[in-house]
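Visitor: Take a look at the following structure, please.
Every number in this text was worked out from the coordinates using simple rules, so none of it is lab data. No experiment lies behind these values; they were computed from the predicted model shown. Cβ sites come from the backbone with ideal geometry, for glycine too, and all protein chains shown count toward neighbours.
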Amino acid sequence: MGSFPFSLADLEAIAPEIIVALGACLVLVWGAIESARKRPRHFAALTLLTVILAAVALVSLAPEASEGNTYLAGMIVLDSFGIFFSAIFLIAAALAVGASMRFLDDHDAHHPEFYFFMLCAVLGMLVMSRSINFISLFVGLELQALSVYVMVGYLKADKKSNEAGLKYLILGGFSSAIFLYGISLLYAATGSLALDGIREVILAEGLQDQYLMIAALVLIAAALAFKVAAVPFHVWAPDAYSGGPTPVSLFITVASKAAAFAVLLRVFLIALSPMRDSWSLLLAVVAVATMSLGNIAALTQDNIKRMLAYSSIAHAGYALMGVVAASTVDPDDASFAVAAVLYYLFAYTFMNIGAWSVVALLRRRGLAGEKLEDYAGLASRSYWAFAAMLLFLLSLGGIPPTAGFLGKWYVFTATIQSGWTWLAVVGVVNTAISLYYYLRIVIVMSMSEPADDVELVHSTPLTMTLVAAVLMTLLAGIWVSPFIEWVRGATLLLS
Amino acid sequence: MELLFFYIFAAVILGSAVMMVTRRNMVHAVVWMVITFIGVASLYILLEAEFLAAVQILVYTGGIVVLFLFVIMLVNLGDIYQVEWLHRQWLPALLLALLLVTEIGFMVWVGAQDVPAAPEQSEAILRGLGGNVETLGMALYTDFLLPFEVASMLLLVAMIGAIYLAKKRV
């Protein structure tokens, strides 16, 4: 056998991953020192530093991304699509650190391990979103999932957090097994695990309607629908999102979901693209069910975390609509639709993180304020918190001039352009339904009298997260052209 | 002949797996799990992956099962025996599972007919690579280096996560 087949270029290509892995290990080792554990904020700073360094590495990789070279024996690709998603994960991690510090202090659970799990989750997401081989894709997915299970069950003294973590672990493990089963059938039918290799075999052998392939497609679709929390595989989501610590929900409703969408787009638009006739209708039905059920279930919630959890299910439905639109054979329309999904996820990142960080701001008798009535009179208590929450809710509901409006508009346009008009109509109807419960929060916040035992806890890191989310929600809704250009560029090498 | 052995081993694996999940006594369940693992190791031998079979026996039947037994002995599991082991929804669950099995079984059965057989790995190629252990090692440290390293992080997270969640005071 020959010599070691890797060069420095391979290491450079995964520099962000290496930095995040080193940062995670450093947090862990440093956290073993008893005296250092007493200053948990240092670990938050180290995590932020790691994320910033990884972002710098990512930016320095960006110029080479247009070539779409593969590295490490064809496991990892350096393309602008992967860089776009990597940026979302790093942004979400940085904002989540800001939202976590005071919250964990107040719950007496500010340990270095939290940041270790968060960095490992980010590492898994980075690997997931840049893998073009099912093996590395699956390992990255599992790394992300395992870290997230622990994060959801992180508050050990809290029964709800324990329960949420356990439920998520069991159902998540189940869905991973289904994913593996799908991959193994795919391998049996095509003899390949590389995404583009699978596509070539399907095209060369005409396997589109082969029974094994259809079984594999259904299994993979089910597993990925679980990962993005789409109906009918969504039942874990409200429990996991509302039971887990608020900053963790903030992180996973955005980052884990975006990572799962990165995998979904790559798998369906590259490996399974010859089978688009089989999966487009399947995903369209899932999208309709996800939007409708998410929004209708959110209507009846009195717990704001559960409401936001159902709202995040509904948002996965809107994004899935864009994936359906991307199934069209016309390459221009397909690329437009993928760009719409990316823009939607980008907008969703900031508005959702913003809404959850307002939830992290509120305390009732020292613990997280979760009931809708806890938000009564927020407007008279803190004008700024009210204004921020109003902006995020309007953006989630898709009202201009916010990022959320543009995201919805983009996805609906792409859906109509690809000939899925009825789907777009369902989406618009759903948007109208969703406005009802978003505005219900606004009404409670502005009309009612404030409760006595509810307080707002201020901390500089959380304020910074909030300010960043407000700025980006507005900026991506008003000064749109650079963002549109970015997402358009990120779709280049996909279809 | 090979096919016959495959079916025998497959029957052993499936049968013992079913026995494992239906036992109420945890120690019995673990013993059935040992038999499942040995069945899997036999499949590896059938595929001429002797090294993998040895690892399967050493790590799983040797290490993991002993750990399982330790946990069962150390932790007081008295309550487990009181729990209803048949879910209230067992009938719909069983029907749906049967439906799924028939569906997927049918698709795999029909689909497998016209899938091209995997290319025969010729003895010469395997020998050229230097046998079982070397082949595995080369594959792990060249083609699958990245997943291999990520898997090490995965194990680290699993370990730290388990310790964190199990420890009373952190």
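Visitor: Would you mind checking the radius of gyration and Dmax of the stretch B:1-85 based on alpha-carbon positions, in Å?
Guide: 14.9, 47
Visitor: Taking the Cα centre of chain A as the origin, how large is its charge dipole in debye, to the nearest 20, when only Lys and Arg (+1) and Asp and Glu (-1) carry charge on their Cβ atoms?
Guide: 960 debye
Visitor: Report D for chain A in µm² per second (integer): Stokes-Einstein, Kirkwood Rh on Cα pairs, 25 °C, 0.890 mPa s.
Guide: 109 µm²/s
Visitor: To make sure I understand, if each residue's beta carbon is the centre and we count other beta carbons within 10 Å, what order do A:His111, B:His28 fall in, fewest to most?
Guide: B:His28, A:His111
Visitor: I would also like to ask the following. If you take all C-alpha pairs in the stretch A:398-467, what percent of them are over 17 Å apart?
Guide: In whole percent, the share of Cα-Cα pairs in the stretch A:398-467 beyond 17 Å is 64.
Visitor: If you don't mind, there's one more thing I want to ask. Restricting to DSSP H runs of at least four residues, report the calculated mean residue ellipticity at 222 nm for chain A, -39500 (n - 2.57) per run over all residues, nearest 500 deg cm²/dmol.
Guide: That comes out to -24500 deg cm²/dmol.
Visitor: Under 5 Å between amide hydrogens, which residues at least 5 positions from A:Lys371 or on another chain qualify, with H placed 1.01 Å from N in the peptide plane?
Guide: Residues meeting the amide H criterion: A:Ile304.
Visitor: In addition: Greater than 26 Å separation of Cα atoms is the criterion. Which listed pairs, A:Lys257/B:Lys167; A:Lys167/A:Lys257; A:Lys160/A:Lys371; A:Lys227/A:Lys305; A:Lys167/B:Lys167; A:Lys227/B:Lys168, meet it?
Guide: Among A:Lys257/B:Lys167; A:Lys167/A:Lys257; A:Lys160/A:Lys371; A:Lys227/A:Lys305; A:Lys167/B:Lys167; A:Lys227/B:Lys168, the Cα-Cα distance tops 26 Å for A:Lys257/B:Lys167; A:Lys227/B:Lys168.
Visitor: Further question on the same structure: Taking trypsin sites (Lys or Arg not before Pro) as exposed when DSSP calls them loop (any state but H, G, I, E, B) and at most 14 other Cβ atoms lie within 10 Å, what is the longest stretch of chain A free of them, the sites themselves excluded?
Guide: A:39-364
Visitor: So what's the Cα pair-distance distribution over the stretch A:189-236, bin width 5 Å, in %?
Guide: 5, 20, 21, 21, 12, 12, 7, 1
Visitor: So, one more: What number in nm² do you get for the stretch A:39-187 if you take the convex hull of its Cα atoms and divide its surface by four?
Guide: Quarter of the Cα hull surface area: 9.6 nm².
Visitor: Next question. Given the stretch A:1-63 reduced to its alpha-carbon atoms as identical point scatterers, what log10 I(q)/I(0) does the Debye formula return at q = 0.20, 0.22 Å⁻¹?
Guide: Rounded to two decimals, the profile gives -0.79, -0.86.
Visitor: Can you give the percent of C-alpha pairs in the stretch A:332-378 whose distance is more than 13 Å?
Guide: In whole percent, the share of Cα-Cα pairs in the stretch A:332-378 beyond 13 Å is 66.
Visitor: Could you give the alpha-carbon Rg of the stretch A:1-108 over 2.2 N^0.38 Å, rounded to two decimals?
Guide: Rounded to two decimals, the normalised Rg is 1.30.
Visitor: Work out how far the C-alpha atoms of the stretch A:189-305 reach from end to end along every principal axis, then list the three figures in whole Å, largest first.
Guide: Here the spans come out as 54, 25, 17 Å, largest first.
Visitor: Another one. What's the FRET efficiency of A:Arg364 with A:Arg39 using the Cβ-Cβ distance as r and R₀ = 35 Å, to the nearest 0.05?
Guide: That gives a FRET efficiency of 0.80.
Visitor: For the stretch A:88-158, what is the convex hull (Cα atoms) projected area averaged across all directions, in square nanometres?
Guide: Its Cα hull, projected and averaged over all orientations, spans 4.6 nm².
Visitor: What ranking of B:Phe37, B:Phe6 emerges when the number of other C-beta atoms within 10 Å of each C-beta is taken as an exposure proxy, fewest first?
Guide: With the sparsest Cβ surroundings first, the list reads B:Phe6, B:Phe37.
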